Amino acid sequence: MRILLVSYYPLPYTGGVWTFVSLLKKSLEDLGYSVDVLSHTPDTTKYRIIGQEHEIEIDDISPYIKEKIVREMPSLPVNSWIYNVEVFRYSLELSAAYYNLQQYDIIHALDVTAARAMSRVKPPHVPLVTSALGNLSRDIFFTLKTMHRKKTDQELRDTFEYQYHKTLEHLGYQSSSLIHSPTRWMRDNIIDNFSISPDRIMTFSYGLDIENFHKNSIEHPIIGPKKGKKVILFIGRLVYLKGVHHLLDALALLKEDRDDWECWILGKGELQWELEEQCKKLELSNLVRFLGISNDVAHFLREADIFVHPSIHDTQPYSVMEAQLAGLPVLVSNTAGLPEMVEVGRSGLVSSVGNIHELYYQLKYLLENDILRKQLAECTKEWAKKRWSLDTMVNNVLSLYKQAKTLETEDPV
């Protein structure tokens, strides 16, 4: 079986999508399948199949696309946000068509934008499945919230940018033979907000290469905690929806009670300067360390005592999975798919989104109870080994492909 994985977004790129793609590709190839990955290049100037020499320069094909956009949508400002999305998604369509899609038995879109693009150019007999690795319209909402802090939520939802992406998300789901949802929350969201029949959705978790998780981690310390300090660790992009600003507010409360801790923030993003300024105002600069990004996440997990993920919205972040596999008690917020990742009291704790007092109490509780923290750590590790099996994920993906091929033969979407 020949499989094409397709991403509208750049790959490789730090984050959960690339982790999912790289693990799935390797696992399927180990089983004897042929797997190609078509995506944007990291510099966003080309689309290409990773590892193949020929790349499609967007500048070479965009004049035709831009002419079509101006003709069909004359009121759309040139070089506006939506204008550029249109250029890129039509570039993906033309690039995909160049690579002879007849050769594939399955096309697997990694986002709804790619799903819509591929549905328009794929051969009728080739099934298209989509993994709902994120919630496009919700992500756009929080991007807009970062850009327009004074607008109300309803005003943001009424914007052309939000409505455009919600429509694109709807079309992507409607274009797919079957949809993979990593969480029950995402499944319900797709059914309720995009009118997709439940029998077109398969729900199963991501997986991790548990056996090799620690193998690439160097043994000598890159960085260690200050003497007598326990480490609270956050890993993720420094953007509004990750809720790091709420974590800092909770740490300011914690500082008033105890100083036997420090917080490591591993990641980068558009809000780093703003978060560093928040630390200064809260007098946390000597307790919070911004460490950038690292290829050796396992090292930082090994050095930490507590993992915290205070996101305002998240589906099923790999950082939480990795923290659990490393044996860390995890604190997550009760948004989207996050509560499904924790068995409260056994593999972690859950607080209300944005409730800095709940998060403060949970951090304080774990810091002052060494025995409980260690018990949680042991339970978490065993729980994660069973929950995040890569073999189980791959078997579920193959089942998804098999069912999609059957559906395409019987009654194409």
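The values are calculated or read from the model by the stated rules, or taken from the named source; none is laboratory data. It should be emphasised that the depicted structure is a prediction, and the values quoted were computed from it without experimental measurement. We place every Cβ from the backbone using ideal geometry, glycine too, and count neighbours over all the protein chains shown. Side chains are part of the model used for accessible areas, which takes the heavy atoms of the whole protein and leaves out ligands, DNA and RNA. Shrake-Rupley method; radii C 1.70, N 1.55, O 1.52, S 1.80 Å.
The figures follow:
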quantity: Flag for residue 362 being more than 30 Å from residue 31 (Cα to Cα) and either part of a helix (DSSP H, G or I) or open to solvent by 10 Å² or more (accessible area, probe 1.4 Å) (or both); calculated: yes
quantity: Residue match in the range 34-42 (condition: of a type in the set (D, E, K, R), in contact with a Lys or Arg (Cβ under 7 Å, 6 or more places away or on another chain) and either modelled with pLDDT under 95 or on the phi < 0 side of the Ramachandran plot (or both)); calculated: no
quantity: Test: residue in the range 115-131 that is over 23 Å from residue 97 (Cβ atoms) and open to solvent by less than 20 Å² (accessible area, probe 1.4 Å); calculated: no
quantity: Test: residue in the range 135-150 that is assigned to a helix (DSSP H, G or I), among the β-branched types (Val, Ile, Thr) and surrounded by 18 or more Cβ atoms within 10 Å (Cβ to Cβ); calculated: yes
quantity: Qualifying residue in the range 54-65 (condition: farther than 22 Å from residue 120 by Cα and out of contact with any Asp or Glu (no Cβ under 6 Å at 6 or more places or on another chain)); calculated: yes
quantity: Test result for residue 34, within 25 Å of residue 296 (Cα to Cα), of a type in the set (Ser, Thr, Tyr) and open to solvent by 40 Å² or more (accessible area, probe 1.4 Å); calculated: no
quantity: Members of the range 317-340 that are open to solvent by 10 Å² or more (accessible area, probe 1.4 Å) and either part of a loop (DSSP other than H, G, I, E, B) or at pLDDT below 90 (or both); calculated: 317, 326, 327, 334, 335, 336
quantity: Number of the exception - residue 5 against (1) without any contact (Cβ under 8 Å) to a residue 60 or more places away in the chain; (2) in contact with a strand residue (DSSP E or B) (Cβ under 6 Å, 6 or more places away or on another chain); (3) closer than 30 Å to residue 207 by Cα; calculated: (1)
quantity: Residues of the range 169-211 that turn out to be open to solvent by less than 60 Å² (accessible area, probe 1.4 Å) and assigned to a loop (DSSP other than H, G, I, E, B), as a count; calculated: 13
quantity: Conditions (1) surrounded by fewer than 19 Cβ atoms within 10 Å (Cβ to Cβ); (2) under 23 Å from residue 131 (Cβ atoms); (3) in contact (Cβ under 8 Å) with a residue 12 or more places away in the chain: number failed by residue 402; calculated: (3)
quantity: Residue check, residue 282 surrounded by fewer than 21 Cβ atoms within 10 Å (Cβ to Cβ) and among the hydrophobic types (A, V, I, L, M, F, W, C); calculated: yes
quantity: Set 275, 254: member being in a helix (DSSP H, G or I), hydrophobic (A, V, I, L, M, F, W, C), modelled with pLDDT of 95 or more and over 22 Å from residue 334 (Cα atoms); calculated: 275
